[in-house]
Structure formats: structure tokens, C-alpha cells
Amino acid sequence: MKRVITGGDVFVDGRRRRLDIVVNGESIEALVTPGSGPTDADVIDATGLVAIPGGVDVHVHTREPGYTHKEDLITVSRAAAAGGYTTIFGMPNLDPPTMTAEDLDSVLEMYNEKCIVDYNHNPAAKLVDQIPAMAERGIAAYKIYMVVDTGRTYPHPAAIGVHDHGELLRAMEAVARTGLRLMVHPHDQAIMDVVEQAFWAKGDRSPAAYGKTLATGDGIIWDTATATLLRLAEATGCKLHIVHAQTIRQIEMFKQARARGVDVTAETNHWALFLGRMSDIEEQGSYVLSYMVPDHHREAVWEAMADGTINMLSSDHAPHTREEKEVGWTDAWAAHTGTPGIQEQLPLMINAMHEGHITLDRLVDLVSTAPAQVFGLLKKGSLAPGSDADIALLDLDKVWTITNEGVQSKIGWTPYDGREVKGAVAHTMVRGTDVWANGAVVGEPGHGRFVRSEGHL
Ligand SMILES: [Zn+2]
């Protein structure tokens, strides 16, 4: 069956053009001059909309298995569809955490049954002897958390944290042999320990203290870890992907490392752009995460996203129940860390585009093209003929208010409740099938398919 998306603009080859898209089955067959497509096709009216390649979000906390009271693979993929994301990569901090090839097979079976959008999964690079077998499954990357939390077991279960430099070295050597990329949450636990203990000694466990701990020394917890990781990547030849990039010195280090030939990519996340002010933390407490990103760093991050030093924007979608967040008002260290956002990230970015922070060209690259290319998804991230028909139709000028009522995620709340934005996702399709249309999720669980990475090539 053929479908024609007509009447709107198409973002292709780095610019916006007035074209129709001809979809044949699961693929984009052609981009044609308006009105010249097949006449017997199913027609999608895209008048006033802009088609971009569907988002590829390589950092999503799906919560299944183990934490399905927060989210599951059906609800997370509903949120993805509503947010214009057509491919998601899940994270390994599950129960059981994904550490072995067997764990990986079992979690991939769950996606196969339930996921509405296409998917891959990032297992933990914790057990070195498991690393080669997991690569054979077609994964795109491994994940390491340098967080070895003091006093809590979630979201970084002690079993999967890696902070010891020797252990990092061995893991990176093993990942380097697979040719795949290692995603790392950079974090200097030793510095975190002394700084947080100073707040605790004063009896201050507030969200503000938590935010100040993470931002201490203008970002040393992030920067010292990043410096170590880059040096280890250089020594081992391991391809590195730094998550949560958010400081000026990290950005400088990425540039310097690349100049020396280190293969490092970086992502930032919606919360660093839209929720990282101390005022956000004071107003919403643990609901906003609550990592503080001072304004001078945020400005540098926007610049680095504009010039490509930060390659991509991932949601780090991290749903928790209100109960798990409420406790943060009296003890931010007892609240589960992370905040949801896969559904709101694209509208927020379009709004930021209108405010002059980013161009449409860069936005499409950050949310779709770059993650597909970096992680070796050859048929994703582009609207060129032959690509999968993964398409988000954007209404760039729609002004609307984000509300808890509109949340598809199981938790039923968003840190952006009440925020007015200009920009919306009108329609999402995964391999030619609608998953989000007319304000409703229409995709069926099980439609999503494993996207094999060719990232080792
Ligand atoms: Zn995360």
C-alpha cells in the first residue's frame, strides 16, 4: 500500500522544501513535486506542517523489567510516539540490570512484544566477559554509570556502577574490541562524597543542596570524570559517548580530544536546557531531577549544540512516581533521580528555535540524523528515498500548554505542566504506520522492531 504525505514542507538535505513524500510499505519511495504522486494512494494532508525524520532517542529509561510501577515498554513507547520519536534505546538500570547476553535477550523479547516504536537497548559494560557476546546481538552501544551512590540503590544499582579507573580501563579495552561505542555518565564519586557529606553535616538535604553538590566547583564532578574518560578512550581506542554534557570545560575537552583523533560524541538532555536553574529546583524540588546547570554553562551548551560540538539531544526520560519524588522535599538524596521528558522535548526545542537558540537544521540533526549516524542506524534519521518511513509532522506555529493530563507516560505528570510552548508534534509514523495522529496514540504494541546497529562498521 502506498501513502502520500501532501501539502506540507519536507526537511531534506539540510533544508526545508515544498515536496510530497511517497511512502511504499515501510519505506520512503520518493520525494516528488506537490501533487505529482500516485493518485490511488492513501493521502495524509500535511498542510501547514513540516515533515522531519522521526526522532532517535538513544537514552531512555524504559523501567521494564523491574520498575513497571513507574513505566513499561508500552507506556514509554506511547510517550515516544506522542513526542515524535520513532526509535528509542533503553538503558540497563533495570531489575535485573542488563549485564549479560541472557539478560539482553530477555529484555529484547519484551520490547518485541510490547514496543510501539522501533528500538535497541544499551546493556551495562560491567561484566567484561559478557561484552563480546552482547555485541553479536546487534546492539548499538554499552552503558557505564560512574555513579556509585552513597546511600541509595536506585537509579544506579550498585551492581552496575563502575567508578574504579582500573575497571574502566578493562571495560574500555573490551568495548574497543567490539568496535561499538561506550556511553558513560561521567561522575566523580569521590568528590561527590566529600561535598555531599559537608551539606549533610549541616543537616541540609534539600533539593537546593543536592543541586549545589552536583554543580560544585563550577562542575568538577563532571569535568574530572570527563577528563579521565577521554584519556582512557585515547589509550584504548574505545569510541566514547558522554551523556549529560553540561559544562564549558567538557565542551573544550571534546574539541581538544577530537583534535587529537579521539572518537568522542556527546549528548545533552532537555533538563539541562529547560529545568536546570536554581529557581526550577526551588519551585519543583526533586521533580526536576535536580541537577543545577548555571546559566553560563547553559549558554555554552546551546552554542555547542549549534556548532555540533555536542552531537545530539537525548531525553534521558526517567519517570518516577510522585511518591518517589515527594520525599525529596525533606531529603533530596532519598528521591529517585531523573525526570521524564521524551514527550515534551521536541515541542520545547521548537519553542527554543523560535526564541533563537537553535535553527531547524541543527534541531533535526540533534534529535534524529546525528544519533542515527553515530549509532549506525542506516535507514533512520533521514527522509531520503530508501530510508524507513519514520516521519514526524511538526506544527511549528501551534501555541499550546503542556499539561499533566496530556502525559502518555504511566506516571501521569511532567515537570513542564503549565508551560506554554510554540511548536507541536501533529503526527508520527513508524515505518509507514501511524503511531500518533489527531492527538491520540494509534500505534499498536508489538509494532516496534529491533533496529540492528551497523555501528561497528
Ligand atoms: Zn539516564
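The values are calculated or read from the model by the stated rules, or taken from the named source; none is laboratory data. Because the structure is predicted, anything quoted here is derived from the model rather than measured. Here the Cβ positions follow ideal geometry from the backbone for every residue, glycine too, while neighbour counts run over all protein chains shown.
Tabulated values for the structure
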| read-out | value |
| --- | --- |
| Residue match in the range 64-83 (condition: surrounded by fewer than 24 Cβ atoms within 10 Å (Cβ to Cβ), modelled with pLDDT of 95 or more and in contact with a strand residue (DSSP E or B) (Cβ under 9 Å, 6 or more places away or on another chain)) | yes |
| Tally of residues being closer than 20 Å to VAL56 by Cβ and within 16 Å of the ligand (Cβ to nearest atom) across the range 241-264 | 5 |
| Selection from the range 91-150 of residues that are out of contact with any strand residue (DSSP E or B) (no Cβ under 7 Å at 6 or more places or on another chain), under 22 Å from GLY376 (Cα atoms) and charged (D, E, K, R) | ASP105, GLU109, GLU136, ARG137 |
| Whichever residue in the range 316-362 is part of a loop (DSSP other than H, G, I, E, B), within 15 Å of the ligand (Cβ to nearest atom) and touching a strand residue (DSSP E or B) at 6+ places or on another chain (Cβ under 9 Å) and, among such residues, is modelled with the lowest pLDDT | GLY338 |
| Scan of the range 197-234 for residues that are outside any helix (DSSP H, G or I) and either in contact with a Phe, Trp or Tyr (Cβ under 6 Å, 6 or more places away or on another chain) or of a type in the set (A, V, I, L, M) (or both), ordered by number | ARG205, ALA215 |
| Strands (runs of 3 or more DSSP E) lying entirely in the range 30-122 (those with 2 or more residues that are touching a Pro at 6+ places or on another chain (Cβ under 8 Å) and within 16 Å of the ligand (Cβ to nearest atom)) | 55-60 |
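Here's the yes/no breakdown for (1) hydroxyl-bearing (Ser, Thr, Tyr); (2) outside any loop (DSSP other than H, G, I, E, B):
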position	(1), (2)
LEU378	no, no
ALA392	no, yes
TRP400	no, yes
GLU405	no, yes
SER409	yes, no
PRO415	no, no
VAL421	no, yes
ALA426	no, yes
ASP434	no, yes
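Here's the yes/no breakdown for (1) β-branched (Val, Ile, Thr); (2) outside the structural domain of ALA304 (by TED's automatic domain parsing):
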{"residue": "GLY341", "(1), (2)": "no, no"}
{"residue": "ILE350", "(1), (2)": "yes, no"}
{"residue": "LEU360", "(1), (2)": "no, no"}
{"residue": "THR369", "(1), (2)": "yes, no"}
{"residue": "LEU394", "(1), (2)": "no, yes"}
{"residue": "ASN404", "(1), (2)": "no, yes"}
{"residue": "GLY423", "(1), (2)": "no, yes"}
